[in-house]
1. Regarding LEU564, is this residue in a helix (DSSP H, G or I), out of contact with any Ser or Thr (no Cβ under 7 Å at 6 or more places or on another chain) and either touching a residue at least 24 places away in the same chain (Cβ under 8 Å) or among the hydrophobic types (A, V, I, L, M, F, W, C) (or both)?
2. Any residue in segment 445-460 that is under 27 Å from PHE179 (Cβ atoms), surrounded by fewer than 21 Cβ atoms within 10 Å (Cβ to Cβ) and modelled with pLDDT of 95 or more?
3. Report the residue count in segment 524-559 for those that are in contact (Cβ under 8 Å) with a residue 60 or more places away in the chain and part of a helix (DSSP H, G or I).
4. Could you check ASP550 against (1) surrounded by 14 or more Cβ atoms within 10 Å (Cβ to Cβ); (2) modelled with pLDDT under 95 and say which number it fails?
5. Of all the residues that make up segment 665-684, how many are touching a Gly at 6+ places or on another chain (Cβ under 6 Å) and of a type in the set (Asp, Glu)?
6. Test each condition in (1) at pLDDT 85 or above; (2) surrounded by fewer than 20 Cβ atoms within 10 Å (Cβ to Cβ); (3) of a type in the set (A, V, I, L, M) for LEU152 and report the one that comes out false.
7. Take the conditions part of a loop (DSSP other than H, G, I, E, B) and either outside the structural domain of LYS524 (by TED's automatic domain parsing) or under 26 Å from PHE84 (Cα atoms) (or both) and apply them to ASP636. Does it pass?
8. Among the helices (runs of 4 or more DSSP H) confined wholly to segment 97-197, which include 1 or more residues that are over 24 Å from SER81 (Cα atoms)?
Amino acid sequence: MEPESTTHSVESRRQADQDPVVGQRGPPKEITTILVLGRSGAGKTHASTLRGCPFFIETACSTTGQVADSGSISSTTEVTSHLFKIGRKRFEFIDTPGFDNLAMDNMEVFNKIARYLMHESRVQVGISGVIYIHRAGDVFESRSLSQNLDVLCSIFLGPSVLRRTTIFVALEPGMNKRFWAQMAYNSRVLVSHALGATIRASTLEQKYVDRAIFAYASRSPVQLRIQQNRTHNALASIRTEIERSLCYCGDEATNQRVEEQVKKSLISQQESIRSLEVKLKEKASENAELSRAHTQVQQTIEAHRVEITALNGQLQKSQEEYEILLRSLQKRESQAKEMQSLQETLKSKESKLLEYSQAYKHIKQNLAATQAETSGLHKQLQQTQGEYASLRSQLQLQENIEQSDIVRSLKDLNREIDEIGHLISEYLFDKHVQIVFAGKEPSDVTSLNARHLPELKKLLGHVDSQSSLVASSDETGLPIEDFLDYGIRALLCKYLFRRIFDPFHPAVDASHNSIMTSMYDDIKLREPQAVSAKWRSNCFKSIYKPESEDAITEFIDSCANGFLEKSLMPLLAFVFGDNAGTILEKQHQDRLKQLFRIAWDWNSKLKGEVIVLGDFYPTYYPPVHRFDPGAMEEFDSGAQATQSKYILGTLGFGLVSSRSVGGGKTPDLTVVFKATVAMPSLYA
């Protein structure tokens with residue numbers, strides 16, 4: 001039985017290929033599944049009660065990001081599924097009936113959602129994220145909102161899924177974004193029920209909707225708390241919990257509907273019983289006939305068993321007599337051959353006996369010398385065995401680290417870089433773009449409007465007549481917010497690679513790093529992985545011994561400050577001007593320090609703890625580097641990919657594994673994870 005829903009397959013608004021949709025034959029495609037909730041009329045699916053306002057799901061699924069107002073307002077009354085693509089990413093929205101719905105009460109809404117989510121097919125798929133739409137202007141402190149969030153958070157989602165939940169405060173055009181965001185942050189209802197969820201306040205424009213759903217594109221699906229309840233009659237138990245949370249009591253009409261359903265169920269069960277009684281009588285008649293046939297077969301088998309037993313006895317007796325005769329004959333033939341052989345052997349042995357006598361004397365002379373030599377070799381063997389046991393003890397490596405753990409940590413690092421780029425670029429766009437570039441619409445400002453364009457091009461590795469993050473080959477600029485996002489991420493990757501990952505140890509000077517790297521390269525050519533990696537691990541731990549954990553923290557903070565002074569602040573000065581007042585907030589500096597701490601810890605684990613698995617190196621590629629599809633993947637901007645041979649910059653680290661084989665052979669290299677690079681298709 002399928003879940004009660006309808007499925008709409010929606011064409012991608014930037015679709016460039018014809019991949020099979022879910023359910024068709026072909027290779028499986030990864031789909032990001034997002035559960036969409038909200039009050040009826042808040043603008044989840046169709047036009048909201050406020051005319052002229054966009055709406056979430058059809059904005060995400062449409063070609064232009066806007067849907068024409070049809071003049072009528074309809075409410076979702078069933079759980080529905082919307083499949084669509086953005087670029088190469090596949091998404092599925094699970095749209096739900098809205099709360100405070102005129103067509104049904106909240107109890108019925110929760111029952112429909114629970115029945116859909118607890119179906120076996122939905123439990124297997126899981127959920128990547130949850131988006132709750134709350135229309136700005138609706139109260140944040142209502143009893144209804146408190147009850148609905150209590151049911152959703154405590155019964156449906158659970159604490160782990162709350163960290164994947166976004167409360168999207170949908171603004172109307174002209175509303176103050178900071179005001180409504182602060183209203184949401186100060187809401188006692190949201191703080192008490194949705195602790196751990198992310199709160200976003202913005203209009204339902206294309207880019208903000210895309211940003212909300214792309215936050216879940218890299219998340220693996222998990223089961224909701226309600227999907228983990230696999231006990232018998234689980235749905236009834238869930239209904240009871242929902243009724244208790246909503247303080248719900250059935251009225252006379254509800255009781256009458258229940259009574260009618262019971263009567264219908266009783267009539268259906270009585271008809272089933274009568275049908276089963278008829279089938280039972282037929283089966284009883286068949287069983288009687290089978291019993292009689294079984295008795296006859298048993299009697300026949302028993303008679304054959306007696307006959308077979310007698311024949312087996314006769315056969316065994318004949319075989320014993322045959323074996324006795326055969327052994328007697330074989331014995332006589334063997335004795336005759338043996339006698340003849342012995343006579344021939346005797347003649348041969350007599351001639352050799354003299355030779356053996358002479359050889360014996362010679363061997364006896366050599367035996368004494370051999371025994372002395374053997375005694376010395378035995379002592380050497382014992383010494384060698386002791387050294388070998390000691391070496392095995394030293395190389396007994398029990399790593400608790402899997403390659404999947406290393407890759408997962410790299411993805412977390414890349415995700416942190418991505419979030420910092422989004423956070424700072426959005427802050428700068430909202431606070432400084434309109435002030436610095438007065439007289440232009442913020443949406444019309446591009447990277448080419450930077451105050452110091454030549455210096456900006458030099459900072460980001462621009463080469464004339466070729467595309468870069470600053471400008472395309474035909475002198476087209478990126479929208480300023482996108483440029484700041486990609487530029488910050490590219491500078492972060494470059495600085496982290498050169499300051500943390502590339503040196504043998506980030507906390508020692510360049511001369512020591514050069515010496516240690518040269519020595520390690522030589523050892524990897526001569527020794528196998530276990531020996532070379534053990535040397536690397538011990539040297540990494542010994543070359544730098546901080547006095548305390550505070551010393552490490554101070555070093556990491558200095559690295560973060562170095563990035564601010566040498567990379568980020570010059571970028572902002574070149575874009576906004578020397579006196580633009582583009583000062584970052586403390587939260588941005590704290591996030592940068594947190595990022596550098598993550599990079600330090602991960603680098604220390606790769607170089608100081610991982611031995612048997614191999615040597616793992618993060619990969620970074622500078623601008624204008626030739627594109628290598630075996631080691632790189634193109635950043636998915638949603639535009640159709642181009643056939644350019646060169647990259648604009650690295651936006652996320654890759655990973656390669658190296659294993660030493662010794663004997664002067666070059667270590668084996670394997671690409672474990674591809675680096676994410678920006679391509680000229682950003683300008684498409």
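1. So LEU564 passes the test.
2. The initial filter retains those residues of segment 445-460 that are under 27 Å from PHE179 (Cβ atoms), namely 445.
Now narrow it down to the ones that are surrounded by fewer than 21 Cβ atoms within 10 Å (Cβ to Cβ): none.
The answer is no; no qualifying residue exists.
3. Result for segment 524-559: 14.
4. (1)
5. 0
6. Tallying (1) at pLDDT 85 or above; (2) surrounded by fewer than 20 Cβ atoms within 10 Å (Cβ to Cβ); (3) of a type in the set (A, V, I, L, M), LEU152 fails exactly one: (2).
7. Yes: the conditions hold for ASP636.
8. Details: elements: 106-117, 120-125, 143-151, 159-162, 177-185, 188-193.
Correct list: 143-151, 159-162, 177-185, 188-193.
The values are calculated or read from the model by the stated rules, or taken from the named source; none is laboratory data. Quick caveat: nothing in here was measured; it's all calculated off a predicted structure. Every residue, glycine as well, gets a Cβ built from its backbone with ideal geometry; the counts of neighbours run over all protein chains shown.
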